[in-house]
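Have a look at the structure below before the remarks.
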Amino acid sequence: MRELRPRSAGAFLLIALVLGYAFVLVLAPIGAIIGGTLERGFAPVLDALDDPNLSHALQLTFILSISATTLNVVFGVIVSWVLERQRFMGRRLLNLLVDLPFVFSPVIAGFTLIVLFGRGGWIDPPFAIVFALPGMLLAKMFVCLPFVPREVSPVLATLSPEPEQAAYTLGASRWTTFRRIVLPSIWVGVVYGAVLTLARALGEFGAVAVVSGGLEGITETATIYIYRALSDRNRVGAYTVSLLLGGIAVLLLVVMTWLQARMNVNRERRAYVHSIE
Amino acid sequence: MERGLGGEVKRSKTQVRKGSSVNATQRLELASDSAPRLDLGAWGLRLTAIIYLGAMIGIPTAVVLIKGFEGGVAAFFDSLLTPMALSAIRLTLTTALIMTVINTVMGVLTAYMLVRYTFPGKALFNAFIDLPIAIPTLVTGVMLVLLYGPQTALGSFIEAQTGQRIIFEPPGIVLALLFVSYPFVIRAVQPVLLNLSINQEEAAQTLSASEWTTFWRVIFPVIRPAVISGALLSFARALGEFGSIIIVAGNVPMRSQTATVYVYSQIEAGDIAAATGISAVLILVAFTITTLVEILQVRGRSHART
Amino acid sequence: MSIQLNNVNKRYSTASNARYAVQDVSLEVATGELFVLLGASGSGKSTLLRMIAGLIQPDGGRITLGGRDVTHLPPQARDTGFVFQNYSLFQHMTVAQNIAFGLTVRKRGVAPMNRAEREARVAQLLRLVELDGYDERMPYQLSGGQQQRIALARALAPNPAVLLLDEPFGALDVKIRGGLRARLRAIQQELNMTTILVTHDQEEAFELADRIGVIDQGELLEVGQPTQLYRRPTQRFTATFLGIANLLPAHRNSRAVHIGGQQIAAPAGTEALEGQNVDLMFRPEEVELAHSVADLRGQYVGVGVVESVSFAGAMERATIRLIDPLPDGVAVGHPASMGHPSAMIATETADIARHSTAELPLIQVVLMPGAARALEIARGQRVCVGVRDYTLLAKS
């Protein structure tokens with residue numbers, strides 16, 4: 001579609017409508033939380049940050065999120081590779097499975113873990129899974145599962161398999177080929193998927209809330225902390241951590257935007273190569 | 001950029017691999033895999049992927065479905081037909097539907113505006129659209145309460161004018177859902193609009209079609225599959241949304257409890273049966289929607305190709 | 001290293017119709033030979049080549065390289081070099097890194113080269129493909145022809161036993177193909193490298209091949225030297241694919257070939273077709289035109305009407321509509337006027353008019369420049385048609 005400068009009244013109206021909607025829906029609430037947190041100045045904020053439970057919650061959140069992200073990146077890349085470079089029966093079903101966590105309610109995800117591993121559940125694990133860290137890790141992994149495959153698969157799909165085949169004929173093993181030929185082309189997609197995964201993992205609430213039991217200082221993540229702070233009427237604490245998590249989210253978004261620009265450059269360069277003829 | 005279910009960027013799989021010499025054999029798929037038969041490495045990878053997906057997703061899904069029907073079909077329906085459950089389902093569906101309609105309309109307008117016009121700050125706005133995906137849903141709820149809560153200036157103003165509270169009431173739920181699904185329709189429609197051939201537009205214009213007519217009769221039919229899939233995604237998201245709802249709507253049964261919040265409260269209360277019933281339904285609906293979206297996207301891509 | 005294929009086949013996955021991409025192909029390539037697999041798009045030639053390389057698994061048959069059964073070996077273990085139509089260079093590596101790639105990979109039983117040895121080898125190969133000094137360039141800085149030369153160097157670097165090329169010049173400008181072909185041939189001969197090249201361009205096949213294998217719809221139809229396949233094909237597809245072929249329905253008995261009422265000598269080597277209906281095949285450059293049978297030095301075939309004469313640079317083309325003998329085998333005209341077209345009487349015209357123009361065979365003729373004028377041949381004229389060299393094809 002052609003890109004124009006707005007000239008007609010209708011055009012300006014459209015722009016005003018869209019921007020206005022965006023402002024009211026998205027920007028205003030963000031402004032509200034910044035305002036609400038700093039309502040009484042910085043002092044209460046700094047006080048709230050002093051809470052040892054908070055630092056523990058933040059630590060826990062980061063450790064769990066980064067672990068979940070790392071695991072999901074490794075497995076996610078394998079899943080993408082299998083889906084895009086191998087042909088076998090049932091491939092489309094696997095494809096569908098990958099998309100499922102998007103539409104799964106996180107609460108139900110956590111719930112399934114309880115049904116499986118909880119007291120009286122189907123499996124009796126040797127070490128505690130629910131109401132403990134392993135369960136929370138699994139919950140986080142579940143909700144973030146699709147991001148890496150969904151980012152890497154399209155890149156692999158449009159990547160010609162012939163350089164890989166060339167590498168095979170030159171004697172390179174599958175792993176060597178992946179490491180030296182494929183990875184340099186897909187790493188941007190992988191990192192983008194990883195950042196999305198991390199963002200989602202940090203902000204996860206529903207699944208973890210169900211699985212963890214929310215024991216403060218032990219199995220309380222940052223989001224659960226916020227929830228508890230609200231019910232404890234610790235407004236400033238809740239708002240502060242909310243703002244903190246929101247700020248991290250924005251930072252991750254900046255990284256994602258930069259990566260996207262990078263991906264477009266790569267694609268353009270590849271198109272240029274083929275047009276030299 | 002075409003967006004997948006979670007807002008991540010998808011690239012079209014129909015981008016032609018230029019001049020691949022295997023073109024003839026790709027028209028008809030070869031009978032078997034490229035890898036040699038006794039290739040342990042390839043099988044190892046495949047098995048890993050299958051176990052990973054099966055364990056992480058297949059098993060939980062099966063668990064809930066099995067447990068939901070454990071007591072038989074009768075018990076399953078019993079758990080669904082309690083007044084609380086029904087109210088929760090009704091609330092969920094209503095808010096999700098309202099939200100989807102608004103989101104779809106505004107999403108199409110936003111995508112159109114983004115592709116059609118230049119204006120200062122456009123790149124920033126484009127990046128900004130993805131913000132709701134990154135923000136934790138709980139934080140979304142907190143933000144909305146801070147903005148529209150009964151104790152705030154805005155909230156009390158609105159309540160005085162319209163007699164309607166935002167927070168702890170359905171309007172708040174709709175706002176929260178709109179926030180978290182904001183990018184879905186936009187990112188679904190945007191790439192289709194970007195790929196739209198200029199020729200069709202110009203042809204319509206030489207036939208003296210107004211902008212509105214051009215949009216409705218030339219552009220919209222092409223983007224319709226993307227619009228529908230974006231709408232379906234928003235709807236699906238709305239069904240499963242939890243974090244923001246529980247803050248914005250509270251947990252008042254029969255009043256402001258959506259399906260997911262209901263499940264949560266049942267789990268907290270220890271009533272597994274009730275929780276499982278609704279969970280099973282939600283999963284089935286989720287599965288159906290995913291399949292529908294997949295079909296639509298495949299069809300949409302083949303349309304764009306012609 | 002020689003190559004041997006035995007009954008190799010590959011199915012398409014449409015289960016209902018078990019169609020074959022490659023059907024029961026057997027062939028042998030001798031050491032140092034440049035063998036060209038020639039066929040149209042979709043004929044299965046690329047599939048066959050990739051099975052030899054190990055990139056695709058055959059559904060049946062056996063592939064042997066130098067006496068070693070490699071049918072189930074992965075491409076890494078086969079010691080073959082492969083050049084793709086789209087060069088498929090590693091875009092994020094320099095030219096030197098591309099070429100050296102096969103040398104940096106650890107292979108069983110082969111001592112890895114040290115850095116100095118690798119650099120020397122890369123330099124040697126760059127010289128071979130006449131791109132000295134291009135070490136540090138990136139692929140996107142090179143033209144298509146240059147990239148393809150680097151792809152060739154890369155494939156040759158680990159000194160493979162067999163070189164496989166999949167339509168290597170297909171993506172390149174027509175003008176540079178000629179030079180690259182010659183260079184490839186020179187390199188192949190210098191290295192005495194057993195080579196299989198896949199192409200749909202018969203001109204390329206003629207120029208490069210020691211032997212050509214003609215493949216159509218997954219079947220290997222004929223194998224032979226270029227001149228032999230051109231002049232003495234045994235299959236109709238081969239005849240029409242390798243150049244313009246004039247085909248006239250005929251019948252071979254024990255001594256001669258009958259075309260309508262005409263009779264010409266049976267060519268040597270066609271005894272097997274005795275008693276059968278055949279197609280008489282002759283090339284445009286083997287057609288002789290004259291005003292009377294006596295002026296023909298070749299075998300007299302019949303009388304035709306000149307439909308067109310055109311200038312084609314290095315030659316002249318003519319098309320002749322054969323009116324005698326007629327398709328139904330009826331000889332036209334009085335025996336006395338046979339061979340004297342200008343003496344044909346009116347009643348013959350009625351016989352001819354019974355057949356629509358489309359039914360009468362059209363003969364393509366290639367003449368030396370100026371020949372048409374020298375022979376006083378112009379549009380609408382009747383001429384006698386003779387053939388110097390010809391062969392017979394079985395009716396399929």
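Going by the structure shown, is A:L202 at pLDDT 90 or above, assigned to a helix (DSSP H, G or I) and more than 8 Å from every other protein chain (Cβ to nearest Cβ)?
On the way: at pLDDT 90 or above: yes; assigned to a helix (DSSP H, G or I): yes; more than 8 Å from every other protein chain (Cβ to nearest Cβ): no.
Judged against the criteria, A:L202 is not a match.
Would you confirm, using the coordinates I've provided, whether B:I57 is modelled with pLDDT of 85 or more and at the interface with chain A (Cβ under 8 Å from one of its Cβ atoms)?
Working: modelled with pLDDT of 85 or more: no; at the interface with chain A (Cβ under 8 Å from one of its Cβ atoms): yes.
No; evaluated as a whole, the condition is false for this residue.
Can you name the residue in region B:60-82 that is touching a Phe, Trp or Tyr at 6+ places or on another chain (Cβ under 7 Å) and away from chain A (no Cβ under 11 Å) and, of all such residues, is nearest to C:P74 (Cα to Cα)?
B:F69
Being outside any loop (DSSP other than H, G, I, E, B) and not hydroxyl-bearing (S, T, Y) is the filter here; which residues of region C:376-392 pass it? Before the answer, list the steps.
Here is the first cut: in region C:376-392, the ones outside any loop (DSSP other than H, G, I, E, B) are C:382-387, C:391-392.
Matches in region C:376-392: C:R382, C:V383, C:C384, C:V385, C:G386, C:V387, C:L392.
Out of the residues in region B:182-205 that are buried (at least 18 other Cβ atoms within 10 Å of the Cβ) and under 10 Å from A:R2 (Cβ atoms), which is nearest to the other protein chains (Cβ to nearest Cβ)? Lay out the reasoning, then the answer.
Start the filter on region B:182-205 by keeping residues that are buried (at least 18 other Cβ atoms within 10 Å of the Cβ), which leaves B:182-193, B:196, B:201, B:204.
From the residues that got through so far, the ones that are under 10 Å from A:R2 (Cβ atoms) too are B:196, B:201.
Values: B:L196: 5, B:E201: 6 Å.
Out of the qualifying residues, it is B:L196.
Return yes when C:L89 is within 21 Å of C:G213 (Cβ to Cβ), assigned by TED's automatic domain parsing to the domain that holds C:A123, aliphatic (A, V, I, L, M) and not in a strand (DSSP E or B) and no when it is not. Spell out how you get there, then give the answer.
On the way: within 21 Å of C:G213 (Cβ to Cβ): no; assigned by TED's automatic domain parsing to the domain that holds C:A123: yes; aliphatic (A, V, I, L, M): yes; not in a strand (DSSP E or B): yes.
No.
Could you check region B:77-195 for helices (runs of 4 or more DSSP H) lying wholly inside it with 1 or more residues that are under 16 Å from A:Y21 (Cβ atoms)?
On the way: elements: B:83-116, B:122-128, B:131-134, B:137-148, B:153-162, B:170-180, B:182-195.
In region B:77-195, B:83-116, B:122-128, B:131-134, B:137-148, B:170-180, B:182-195 are the helices (runs of 4 or more DSSP H) which contain 1 or more residues that are under 16 Å from A:Y21 (Cβ atoms).
Please enumerate the residues belonging to region A:140-160 that are facing chain B (nearest Cβ under 7 Å), surrounded by fewer than 23 Cβ atoms within 10 Å (Cβ to Cβ) and not in a helix (DSSP H, G or I).
The answer is A:S160, and nothing else.
Every residue in region A:83-128 that is in a loop (DSSP other than H, G, I, E, B) and buried (at least 23 other Cβ atoms within 10 Å of the Cβ), please. I'd like the intermediate steps shown before the answer.
Here is the first cut: in region A:83-128, the ones in a loop (DSSP other than H, G, I, E, B) are A:86-90, A:104-105, A:118-128.
Result: A:F104, A:S105.
Would you point out which residue out of C:L142, C:L164 is modelled with pLDDT of 95 or more, surrounded by 17 or more Cβ atoms within 10 Å (Cβ to Cβ) and within 11 Å of chain A (Cβ to nearest Cβ)?
Of C:L142, C:L164, the one residue that is modelled with pLDDT of 95 or more, surrounded by 17 or more Cβ atoms within 10 Å (Cβ to Cβ) and within 11 Å of chain A (Cβ to nearest Cβ) is C:L164.
Take the conditions facing chain A (nearest Cβ under 8 Å) and among the aromatic types (F, W, Y) and apply them to B:F168. Does it pass? It would help to see each step written out before you state the result.
Numbers: facing chain A (nearest Cβ under 8 Å): no; among the aromatic types (F, W, Y): yes.
Criteria not met by B:F168.
Mind listing whichever residues of region C:98-122 are out of contact with any helix residue (DSSP H, G or I) (no Cβ under 6 Å at 6 or more places or on another chain), surrounded by 19 or more Cβ atoms within 10 Å (Cβ to Cβ) and more than 9 Å from chain A (Cβ to nearest Cβ)?
The answer is C:R121, and nothing else.
How many residues are surrounded by 20 or more Cβ atoms within 10 Å (Cβ to Cβ) and assigned to a helix (DSSP H, G or I) if we restrict to region C:238-260?
3
Residues that are basic (K, R), in the same structural domain as C:G66 (by TED's automatic domain parsing) and under 25 Å from A:Q165 (Cβ atoms): does region C:168-176 have at least one?
Residues of region C:168-176 basic (K, R): C:175.
If we keep only those that are in the same structural domain as C:G66 (by TED's automatic domain parsing) as well, we get C:175.
From the residues that got through so far, the ones that are under 25 Å from A:Q165 (Cβ atoms) too are none.
Looking for residues that are basic (K, R), in the same structural domain as C:G66 (by TED's automatic domain parsing) and under 25 Å from A:Q165 (Cβ atoms), one finds none in region C:168-176, hence no.
Would you say A:S185 is of a type outside the set (V, I, T), assigned by TED's automatic domain parsing to the domain that holds A:Q59 and closer than 17 Å to A:R262 by Cα? Can you show your working first?
Values: of a type outside the set (V, I, T): yes; assigned by TED's automatic domain parsing to the domain that holds A:Q59: yes; closer than 17 Å to A:R262 by Cα: yes.
Judged against the criteria, A:S185 is a match.
In region C:97-117, what count of residues is obtained for those that are farther than 23 Å from C:G54 by Cβ and touching a Phe, Trp or Tyr at 6+ places or on another chain (Cβ under 8 Å)? It would help to see each step written out before you state the result.
As a first pass, look at region C:97-117 and keep what is farther than 23 Å from C:G54 by Cβ: C:97, C:111, C:113-117.
Then keep just the ones that are touching a Phe, Trp or Tyr at 6+ places or on another chain (Cβ under 8 Å); that gives C:97.
Matching residues across region C:97-117 total 1.
Quick check on C:G66: is it more than 8 Å from chain B (Cβ to nearest Cβ), modelled with pLDDT under 90 and out of contact with any Lys or Arg (no Cβ under 7 Å at 6 or more places or on another chain)? I'd like the intermediate steps shown before the answer.
On the way: more than 8 Å from chain B (Cβ to nearest Cβ): yes; modelled with pLDDT under 90: yes; out of contact with any Lys or Arg (no Cβ under 7 Å at 6 or more places or on another chain): yes.
For C:G66, the condition - more than 8 Å from chain B (Cβ to nearest Cβ), modelled with pLDDT under 90 and out of contact with any Lys or Arg (no Cβ under 7 Å at 6 or more places or on another chain) - is met.
Assess whether B:L124 counts as being under 18 Å from the mean Cα position of the chain (by Cα) and either within 28 Å of A:G193 (Cα to Cα) or more than 8 Å from chain A (Cβ to nearest Cβ) (or both).
Numbers: under 18 Å from the mean Cα position of the chain (by Cα): no; either within 28 Å of A:G193 (Cα to Cα) or more than 8 Å from chain A (Cβ to nearest Cβ) (or both): yes.
Spelling it out, it is not the case that B:L124 is under 18 Å from the mean Cα position of the chain (by Cα) and either within 28 Å of A:G193 (Cα to Cα) or more than 8 Å from chain A (Cβ to nearest Cβ) (or both).
If a residue has to be among the aliphatic types (A, V, I, L, M) and either over 24 Å from the mean Cα position of the chain (by Cα) or more than 25 Å from B:G270 (Cα to Cα) (or both) to count, how many in region A:84-119 make the cut?
Going through region A:84-119, the residues among the aliphatic types (A, V, I, L, M) turn out to be A:89, A:93-94, A:96-98, A:100, A:103, A:107-109, A:113-116.
Keeping just the survivors that are either over 24 Å from the mean Cα position of the chain (by Cα) or more than 25 Å from B:G270 (Cα to Cα) (or both) gives A:89, A:93-94, A:96-98, A:100, A:115-116.
Total meeting the criteria: 9.
Taking only pairs six or more apart or across chains, which ones have beta-carbon atoms under 6 Å, a first residue in region C:293-315 that is free of Cβ contacts under 8 Å to residues at least 12 places away in the same chain, and a second residue that is charged (D, E, K, R) and not in a helix (DSSP H, G or I)?
Listed by first residue and then by second, the contacts come to C:S310/C:R317.
Per-residue answers, yes or no, for (1) within 21 Å of C:T199 (Cα to Cα); (2) touching a strand residue (DSSP E or B) at 6+ places or on another chain (Cβ under 9 Å); (3) of a type in the set (D, E, K, R):
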residue	(1), (2), (3)
C:L125	no, no, no
C:D132	no, no, yes
C:G144	yes, no, no
C:R154	yes, yes, yes
C:L163	yes, yes, no
C:D166	yes, yes, yes
C:V174	yes, no, no
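Here is a list of conditions, (1) surrounded by fewer than 24 Cβ atoms within 10 Å (Cβ to Cβ); (2) at negative phi, and C:G61 meets all of them except one; can you say which number that is?
The one condition C:G61 does not meet is (2).
In region A:13-53, what residues are more than 9 Å from chain B (Cβ to nearest Cβ), among the hydrophobic types (A, V, I, L, M, F, W, C) and either touching a helix residue (DSSP H, G or I) at 6+ places or on another chain (Cβ under 6 Å) or within 30 Å of B:L193 (Cβ to Cβ) (or both)?
So the first thing to find is which residues in region A:13-53 are more than 9 Å from chain B (Cβ to nearest Cβ), and the list is A:13, A:16, A:20, A:23-24, A:34, A:38-53.
Pick out the ones that are also among the hydrophobic types (A, V, I, L, M, F, W, C) and you get A:13, A:16, A:23-24, A:34, A:38, A:42-43, A:45-46, A:48-49.
If the condition is that a residue be more than 9 Å from chain B (Cβ to nearest Cβ), among the hydrophobic types (A, V, I, L, M, F, W, C) and either touching a helix residue (DSSP H, G or I) at 6+ places or on another chain (Cβ under 6 Å) or within 30 Å of B:L193 (Cβ to Cβ) (or both), then A:L13, A:A16, A:F23, A:V24, A:V45, A:A48 are the ones that fit.
In region C:46-68, what residues are assigned to a loop (DSSP other than H, G, I, E, B), under 18 Å from C:A30 (Cβ atoms) and polar (S, T, N, Q)? Walk me through how you get there before you give the answer.
Looking only at region C:46-68, we keep the residues that are assigned to a loop (DSSP other than H, G, I, E, B), and these are C:54-59, C:66-67.
Now restrict to residues that are under 18 Å from C:A30 (Cβ atoms): C:66-67.
Hits for region C:46-68: nothing passes.
Hey, A:V250 hits all of (1) surrounded by fewer than 24 Cβ atoms within 10 Å (Cβ to Cβ); (2) more than 9 Å from chain B (Cβ to nearest Cβ); (3) in a helix (DSSP H, G or I) but one; which does it fall short on?
In the conditions (1) surrounded by fewer than 24 Cβ atoms within 10 Å (Cβ to Cβ); (2) more than 9 Å from chain B (Cβ to nearest Cβ); (3) in a helix (DSSP H, G or I), A:V250 misses (2) alone.
Can you say whether B:R116 is at the interface with chain A (Cβ under 7 Å from one of its Cβ atoms) and among the basic types (K, R), as far as the supplied structure shows? Before you say what the answer is, go through the steps one by one.
Working: at the interface with chain A (Cβ under 7 Å from one of its Cβ atoms): yes; among the basic types (K, R): yes.
Against the criterion (at the interface with chain A (Cβ under 7 Å from one of its Cβ atoms) and among the basic types (K, R)), B:R116 qualifies.
Residues to consider are B:L284, B:L296; find the one that is at pLDDT 80 or above and in a helix (DSSP H, G or I). Write out each step before concluding.
Working: B:L296 fails: at pLDDT 80 or above.
Result: B:L284 is the single residue among B:L284, B:L296 that is at pLDDT 80 or above and in a helix (DSSP H, G or I).
The values are calculated or read from the model by the stated rules, or taken from the named source; none is laboratory data. Being a predicted model, the structure only gives us computed values, none of them experimental. Note: ideal-geometry Cβ built from the backbone for every residue, glycine included; neighbour counts use all protein chains shown.
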